[in-house]
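To start, the structure itself, in structure tokens.
The values are calculated or read from the model by the stated rules, or taken from the named source; none is laboratory data. Model, not experiment: these values are computed from the prediction. Virtual Cβ from ideal backbone geometry, glycine too; neighbours counted across all protein chains shown. Areas reflect the complete protein model, heavy atoms only, side chains present, ligands, DNA and RNA absent. Shrake-Rupley method; radii C 1.70, N 1.55, O 1.52, S 1.80 Å.
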Amino acid sequence: MLEFIQQLVNGLSLGAIYALIALGYTMVYGIIKLINFAHGDIMMVGGFVGFFSLTVFKTNIVVAMIAAMLTCAILGILIEKVAYRPLRNSTRIAALITAIGVSFFLEYVTIFLLGPSQRVFPDTAFPIKAYNIAGLSILNKDVFVVVSAVVLMLILQYIIKWTKTGKAMRAVSLDQEAAVLMGISVDKTISITFAIGSALAAAAGVMYGVYYSTVNPLMGIIPGLKAFVAAVLGGIGIIPGAMVGGFVMGLLETMVSGYGNSLYRDAVAFGVLILILLIKPTGLFGRDTGEKV
Amino acid sequence: MQIKSKFIRFCIDVLVLTALFILVQYFITTGLLDQYYQINLASMCINIILAVSLNLINGFTGQLSLGHAGFMAVGAYASVVMTQMLGQPFIVGLIVACLAAALGGFIIGVPTLRLRGDYLAIATLALGEIIRVTLQNIDYVNGPAGILGITKMTTWPWLFGATVFTVLVVVNLINSSYGRAIISVREDEVASELMGINTTKYKVMAFVIGAMLAGLAGAMYAHFFYIIKPDTFNFMKSFDILVMVVLGGLGSTTGAIIAALFITALTAVLQSFPAIRMILYALILIIVMIYRPQGLMGNKELSRQIFGRIWGGRK
Amino acid sequence: MSLIMEINNLDKSFGGLSAVLNFNFCLEQNELIGLIGPNGAGKTTVFNLITGVYKPDQGSIVFNGQNIVGLAPHTICARGIARTFQNIRLFNDLSVLDNVKIASHKNVPYGFLSAILRTPGFFKGEDIIEKDALKYLKIFKLDDKKDELAKNLPYGEQRRLEIARAMATKPTMLILDEPAAGMNPQETKELMKLIAQIRRDFKLSILLIEHDMSLVMGVCERIYVLDYGQIIAEGRPEEIRSNKQVIEAYLGEELE
């Protein structure tokens, strides 16, 4: 039983990371119906910015995270402007293929500039401490990841629920044409959505670096896919769904590697995806909508 | 009159293909084509098979599949188990590879082809990865280490035969009533269904044939490059094939062939600069989608008429 | 005369909102019937229910003595019901000829292997398909445009191509969803003649939705009027014209 709770605790921080990435997927999909394949790679860029901030500029971890978030927010806006905006009226498949292209681009430009090898996060940036509470071993990095993820999610909720920008985002995702008629700038709203989503992914990237103590140019692919599964699990386009989905995926993954075969760890995520798509493609919190004839 | 001209064109096709076959065979026997070129020749043929077969699914049927490498893996492993472990001749390996991959396509296609657009893309990507992870966990085929020292059986006649077979199957299918049914699914699935086309059946049919041909390519690959391991067939491989199809034009077989040749050559030239190769792939995908989403050829085919015009011959 | 279609107590609701309620209807062999009603009355929903695009919540649709509720749309088409679409759904990037050929696929005269192997049967079969398709194009005066892409046709011709395509499935019952929408009076008049002609030549039973009252009153033998998903009147054109409920549905209630 104790071991089970321990696994739960371990899964929580991984789940928080997935949830943060999944939020970006879901926000972008909600607003322009695009699976932003490059989202995991934005997280990777965030991880690297955090890494360089820690090693080259010797900042502390909070500053590193903010730097990563700002950089990636700009990167997100740029990607949307250059690659996705020209395709806003073309087929969803064309947009998806472009997103795959952007994903390659980020990965291999990073490899080209920094080399393919992984880099170790400096220990000094985040000295690992373990606390022992009621027989459970809890690491300070887990606490850091979960707390900062929850803080970011609360801020996001505030933005979406209470600010004008948030209202604009919800309006555009419901009905773009009506939003335009209400005087909302669709372009600006989409840019902001990309900025927020990318910033969350960047934060997740730094956390991922702290969590696994390394970063590498291809590190975004697998967590990106898993976060996507999390977003679909919760119902893509639905923000609380992405959070729940992220935590479920994190817990599921630690359970599988804790009790089962760790080689199947990645396959489980894909298995979950297939199951949802076949049983309820709209996800746990989604509603069915049919095609009009 | 019409039948006669059809027959003459058919004879010309056969003559051109035979000449091409003999010429290359001559170069190989005399050693004019050394090892390096032979490897590229094999890659070209295998990539043509992969691109033309994926184009049947993505281009003609309009169902974006990102799991083509998975079917290639099924074919590669099935054929190797036949030839290396059960001591069967190559032809048996090829047939079993096709059947196994077709079966895989059927099992995966029936449930997933209900999904639309981007959901289908992600589902096939996931299933391709599941195939890979499953192979990693089968001890009989050596798990993640893969199978080494496969006897080289893929020779030029086999490569040539498999490539021609693939192109013939796809072209003949597409230019028949069955092919029109398949294309109508891409054009408007609802209208197609209401015009009496069993759209599910034709989606699955295209998917199964595409998977079968990918399996054939996998078998060719395994018996040429001596070694197969699950990681060879990860989703990056599927994306490689996608780049060819997108570049050539979704729905153009000749486009797929030209793009497969071009991409293989590009890969060979940039062998020592893998990062640059991938950056180029990325730019190809983005630029083609933004400026020419229909690909180089669109859904048109390079035909005799065009050649005729280029060479100033009769129409 | 015998019944070709009989619909009993058909219900369909979307998210609690009733689109079609207690719909009853019958169509005799070789009859031409109009279904009219204000916008949003549920006319197209009825078409979608008959052709299997939607499954009804309740009720039966009996076609040639068999209940077709729950069958897949392509099976219903194979039984002999063909339709056109309100918002034209042609295969845009294909030629006019191919559009019609696709509709004849359910009767494809050669096998799959025959197609792959290019047997003589394949060439003979393709000839039959082509001749058949040209026959329908000729009726709708589209034969000289057979190689054009469907999307490049003018609007009126696209509407005609939709009917030609539906005819190529060799139906016994044809369902036309606003066939004259967007046509000028001259085109509408020609279309009326065409509809009468195919009905006679192919012994068709036809059900049509139309807003153009001159067309409906001119060609239909009986008319059903739908409002808020329910039939409010049924009868011959002259009866409908003077029906008080119908006038109210269209013009709103009279003021005191």
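For chain C, what is the mean residue ellipticity at 222 nm derived from helices alone (per DSSP H run of n ≥ 4: -39500 (n - 2.57); sum divided by total residues; nearest 500 deg cm²/dmol)? Walk me through the numbers before you get to the answer.
Details: 10 runs with 100 residues, N = 256.
When only DSSP H runs of four or more count, the value is -11500 deg cm²/dmol.
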**Report entry** Virtual spin-label span in nm between A:Met255 and A:Ile279, 7 Å along Cα→Cβ
**Finding:** 1.2 nm
Query raised in the report: Which of the lysines could a cross-linker span from C:Lys145 if the Cα-Cα distance has to be under 18 Å and same-chain partners fewer than 8 positions apart are dropped?
Result: C:Lys101, C:Lys131, C:Lys135
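Under the definition of Cα pairs under 8 Å and six or more residues apart, what whole-number percent is the relative contact order of region A:79-227? Show your work: numbers first, answer last.
Details: 88 pairs, mean separation 44.2, N = 149.
Worked out over region A:79-227, it gives 30 percent.
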Report summary line: Distance in nm between B:Tyr37 and A:Met182 label points, each 7 Å along Cα→Cβ, equals 6.7 nm
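Using alpha-carbon pairs under 8 Å, 6+ residues apart, how would you state the relative contact order of chain A in percent?
Working: 487 pairs, mean separation 108.1, N = 293.
Computed over chain A, the figure is 37 percent.
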Report task. Under a cut-off of 21 Å between alpha-carbon atoms, report the lysines in cross-link reach of B:Lys152, not counting same-chain residues fewer than 8 places apart. Result -> B:Lys229
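Longer than 25 Å from Cα to Cα, which of A:Lys280/C:Lys151; B:Lys6/C:Lys124; C:Lys141/C:Lys170; B:Lys300/C:Lys151; B:Lys6/C:Lys146 are they? Say none if no pair is. Numbers along the way, then the final one.
Values: A:Lys280/C:Lys151 36 Å; B:Lys6/C:Lys124 14 Å; C:Lys141/C:Lys170 18 Å; B:Lys300/C:Lys151 16 Å; B:Lys6/C:Lys146 22 Å.
From A:Lys280/C:Lys151; B:Lys6/C:Lys124; C:Lys141/C:Lys170; B:Lys300/C:Lys151; B:Lys6/C:Lys146, over 25 Å: A:Lys280/C:Lys151.
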Query - Reachable lysines, given that their alpha-carbon falls under 30 Å from the alpha-carbon of A:Lys129 and they are not under 8 places away in the same chain - result: A:Lys58, A:Lys141, A:Lys226
Query raised in the report: For B:Ala19 and B:Ile138, what does the FRET efficiency come to when R0 = 56 Å and r is the distance between their Cβ atoms, rounded to the nearest 0.05?
Result: 0.80
Report task. Select from region B:93-116 all residues whose loss of accessible area on going from the chain by itself to the full protein assembly reaches 20 Å² or more (probe 1.4 Å). Result -> B:Pro111, B:Arg114, B:Leu115
Query - Estimated vicinal HN-Hα couplings, Hz - region B:39-51 in sequence order (Karplus 6.51, -1.76, 1.60; Gly, Pro = x) - result: 4, 5, 4, 4, 4, 4, 4, 4, 5, 4, 4, 5, 5
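As a test, work out the antiparallel percent of DSSP beta bridges whose residues both lie in the protein assembly as shown, rounded to the nearest 5. Numbers along the way, then the final one.
Working: 28 of 44 bridges.
Taking every DSSP beta bridge with both residues in the protein assembly as shown, the antiparallel ones total about 65 percent.
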Requested in this report: Taking only Cα atoms and a 10 Å spring cutoff, compute GNM fluctuations for chain B and point out the largest among B:Ala256, B:Ala181, B:Ala101.
Outcome: B:Ala181
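Could you please state how large a percent of the accessible area of chain A is carbon and sulfur, counting protein chains only and using a 1.4 Å probe?
Values: 8640 of 12590 Å².
That fraction is 69 percent.
For the protein assembly as shown, with every protein chain kept in place, what is the accessible area per residue (1.4 Å probe, Å²)? Each step should come with its number before you reach the end.
Numbers: 37060 Å² over 864 residues.
Computed with neighbouring chains in place, this is 43 Å² per residue.
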Query - Solvent-accessible area buried by C and A, counting both chains, probe 1.4 angstrom, square angstrom - result: 400 Å²
Report task. Kindly tabulate the residues in region B:179-197 with an accessible-area decrease of at least 50 Å² between the chain alone and the assembly of all protein chains, using a probe of 1.4 Å. Result -> B:Arg180, B:Glu187, B:Asp188, B:Val190, B:Glu193, B:Leu194, B:Met195, B:Gly196
Query raised in the report: Quick one: buried accessible area between A and B, total over both chains, 1.4 angstrom probe, nearest 100 Å²?
Result: 3600 Å²
Report task. Would you give the gap between the C-alpha center of region B:149-183 and the C-alpha center of region A:216-267, rounded to a whole Å? Result -> 39 Å
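Hey, with R₀ at 25 Å, roughly what FRET efficiency would B:Leu99 and B:Tyr291 work out to, going by the Cβ-Cβ distance, to 0.05?
On the way: r = 41 Å, r/R0 = 1.66.
With a Förster radius of 25 Å, E is 0.05.
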Query raised in the report: Put simply, what bits of region B:250-284 lose 10 Å² or more of accessible area when the other protein chains are there, versus the chain on its own (1.4 Å probe)?
Result: B:Leu250, B:Ala275, B:Ile276, B:Met278, B:Ile279, B:Ala282, B:Leu283
**Report entry** Residue-level accessible surface for A:Met182, protein heavy atoms, 1.4 Å, Å²
**Finding:** 150 Å²
Query raised in the report: For a label point 7 angstrom out from the Cα of C:Glu221 toward its Cβ, which stretches of region C:33-51 have the backbone nitrogen within less than 13 Å?
Result: C:33-34
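What percent does the relative contact order of region B:54-123 come to when contacts are Cα pairs within less than 8 Å and at least six residues apart? Walk me through the numbers on the way to the answer.
Values: 60 pairs, mean separation 24.6, N = 70.
Relative contact order for region B:54-123 comes out at 35 percent.
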**Report entry** Candidates B:Met205, B:Met85, B:Met220, ranked by Gaussian network fluctuation over chain B, Cα under 10 Å, top entry
**Finding:** B:Met85
Query - Centroid-to-centroid separation of region C:55-70 and region B:64-134 [C-alpha atoms, Å] - result: 40 Å
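How many square angstrom of accessible surface are buried between B and C, both sides summed, with a 1.4 Å probe and rounding to 100? Write down the numbers at each step before the final one.
Working: alone 16110 and 12970 Å², together 26430 Å².
Chains B and C together bury approximately 2600 Å².
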Report task. Among C:Met192, C:Met173, C:Met213, determine the one that fluctuates most according to a GNM of chain C built with springs between C-alpha atoms less than 10 Å apart. Result -> C:Met213
Report summary line: Simple spin-label estimate for C:Thr119/C:Asn64, 7 Å along Cα→Cβ, in nm, reads 2.7 nm
Query raised in the report: Expressed as a whole percentage, what fraction of the accessible surface of region B:131-259 belongs to carbon and sulfur atoms when a 1.4 Å probe is rolled over the protein heavy atoms?
Result: 65 percent
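What shape does chain B take by its C-alpha gyration tensor, where a ≥ b ≥ c are the square roots of the eigenvalues and a/c under 1.5 counts as rounded, a/b above b/c as prolate, and the rest as oblate?
Numbers: a/c = 1.41, a/b = 1.09, b/c = 1.30.
Since a/c stays below 1.5, the shape of chain B is classed as rounded.
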Query raised in the report: Using a probe of 1.4 angstrom, how much of the accessible area of region C:104-246 is carbon and sulfur, in percent?
Result: 54 percent
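Can you give the FRET efficiency to the nearest 0.05 for B:Lys6 and C:Lys151, using r as the Cβ-Cβ distance and R₀ = 30 Å? Intermediate values should be presented prior to the final figure.
Details: r = 30 Å, r/R0 = 1.00.
After rounding, the FRET efficiency stands at 0.50.
Under a 1.4 angstrom probe, counting protein chains only, how are A:Arg92, A:Arg119, A:Arg265, B:Arg114 ranked by accessible area, largest first?
Numbers: A:Arg92 115, A:Arg119 65, A:Arg265 90, B:Arg114 145 Å².
Correct descending sequence by accessible area is B:Arg114, A:Arg92, A:Arg265, A:Arg119.
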Report summary line: Computed over chain A: longest principal axis from alpha-carbon atoms vs helix A:39-55 long axis, angle to nearest 10 degrees, is 50 degrees
